[in-house]
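A quick write-up on the structure given underneath.
The values are calculated or read from the model by the stated rules, or taken from the named source; none is laboratory data. Computed from a prediction, not measured in an experiment: that's the story for all the values here. As a convention, Cβ positions derive from the backbone with ideal geometry for all residues, glycine included, and neighbour counts pool all protein chains shown.
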Amino acid sequence: MKKRFSFLNVAALAIAMFSLASLASAHEHDTFKIGDRYYLLTVGSLNEPFTVDNISGVDLRVSQVAGPGSNGASKATGNGTPVTGLEQTLRVELAAGNKKKTLSFDPLAKDPGAYAASFIPTVQTTYSYRILGTINGSAVDLTFTCVPGEVSETAEDNLQLKVSDTITRLNKVGAFGCPVPRKGMGFPEPALSSYELNQGTQNLAAGTQLVRRQAATAQILGIAGILCGLLGLVVAGIALKGK
């Protein structure tokens, strides 16, 4: 009975760890026809969980796969031939609200077909990764957007989507999440984000400037009062002297 109980515990732990690993490595897997070739693009964020103020980045993996009707992979199965050298032909444009920034990709030496563009998310909001450039000579302009809240790694969309005259998305599996707040990751006290600290500093500075302005105004009024008093004394003296 103890052995069985122990085995069940180990099994449950393994399932839980697998579930957490799946959650922590949430990525979107899209199969595209680009020109006359088929590719599997896997997109997500580095160093998950994706947390505000922690170093992260765009995680991109590209492989060439077989087209529909063959025995090879035509969907997001992870099969295919890694496409190397794309750090020379691709870049990524980050977008968050009205802010944009373009980064170059670095290849991962021990993982052919994998590329990274590092950055640090500073605000909890929706991020988009726009992949621009060429793959094997074919122009690409593809945007991938994070999903707020819970992310499903198994959600599948088989509806074909024509992205441009030369690009068609055949299949989409999974998604990747938006950054979670740093405060919730703090221990033993909540960790304020750099944005919150900056806002606090700005509010403090604004309050200090207001106090200084009020003090300066009070000082000017005080000086004006003294001058008025002195002027009154002068006038009174002149009046007495005239009598």
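General remarks:
- Single unsatisfied condition, E87 versus (1) at pLDDT below 50; (2) assigned by TED's automatic domain parsing to the domain that holds T125; (3) assigned to a helix (DSSP H, G or I): (1)
- Odd one out for A73, checked against (1) over 23 Å from G177 (Cα atoms); (2) at pLDDT 95 or above: (2)
- Looking at F50, F105, just one residue is modelled with pLDDT of 95 or more, under 22 Å from G177 (Cα atoms) and surrounded by 15 or more Cβ atoms within 10 Å (Cβ to Cβ), and that residue is F105.
- Scope region 131-151; condition in a strand (DSSP E or B), of a type outside the set (G, A, S) and surrounded by fewer than 17 Cβ atoms within 10 Å (Cβ to Cβ); matching residues: L132, T134, D141, T143, T145, V147
- Exactly one residue out of I135, I120, I131 is touching a residue at least 12 places away in the same chain (Cβ under 8 Å), within 29 Å of G67 (Cβ to Cβ) and within 19 Å of the chain's Cα centre (by Cα): that is I131.
- Annotation: of all residues in region 34-47 being under 11 Å from the mean Cα position of the chain (by Cα) and buried (at least 23 other Cβ atoms within 10 Å of the Cβ), the one that is farthest from R182 (Cα to Cα) is G44.
- Some residue of region 157-180 being in a helix (DSSP H, G or I), among the charged types (D, E, K, R) and either modelled with pLDDT of 70 or more or farther than 16 Å from P49 by Cα (or both): no
- Of all residues in region 88-102, those satisfying the criterion of being closer than 29 Å to Y38 by Cβ and either surrounded by 14 or more Cβ atoms within 10 Å (Cβ to Cβ) or under 17 Å from the mean Cα position of the chain (by Cα) (or both) are T89, L90, R91, V92, E93, L94, A95, T102.
- Only listed residue being farther than 30 Å from Q124 by Cα and modelled with pLDDT of 60 or more, chosen from G67, G57, G44: G67
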